[in-house]
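Bear in mind that the values in this text are calculations on the coordinates, not laboratory data. This is a predicted model, so every value here is computed, not measured. Note that each Cβ is placed from the backbone with ideal geometry, even for glycine, and that neighbours are counted across all protein chains shown.
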Amino acid sequence: MTNKDITKKAMLDALEKSLGVVTAACKSVDIARETHYRWMREDADYKAAVEEIGDVAIDFAESQLHKQIKEG
């Protein structure tokens, strides 16, 4: 595994922890936002993983919204 692969994995982990907030994830991994977006353009597997994290974040937000609506 290359250093770039390790950093991409760390970025994906950071995106999960930040619920997909790119700026927060980039800061925690110490990479530029442009690096993340370049990886999105150049690496289909990375892009797919990021999109999956985004879907999970949306699902979480929707579930919280439904919970609050239900509670009034």
Cα-based reach from K4 at 18 Å (exclusive), listing aspartates and glutamates while leaving out same-chain residues under 8 positions away: D13, D30, E34, E42, D43, D45
Neighbour net charge for K47 - beta-carbon separation under 14 angstrom, K R +1, D E -1: -3
Positive minus negative residues near Y37 (Lys, Arg vs Asp, Glu; Cβ under 12 Å): +1
The chain - percent relative contact order, Cα under 8 Å, separation 6 or more: 26
Partners for K8 among lysines (Cα-Cα distance below 23 Å; same-chain residues under 8 apart left out): K17, K27, K47
Along each principal axis, Cα extent of the chain, largest first, Å: 49, 22, 20
Environment charge of G20, counting only residues whose C-beta is closer than 15 Å and scoring Lys/Arg +1, Asp/Glu -1: -3
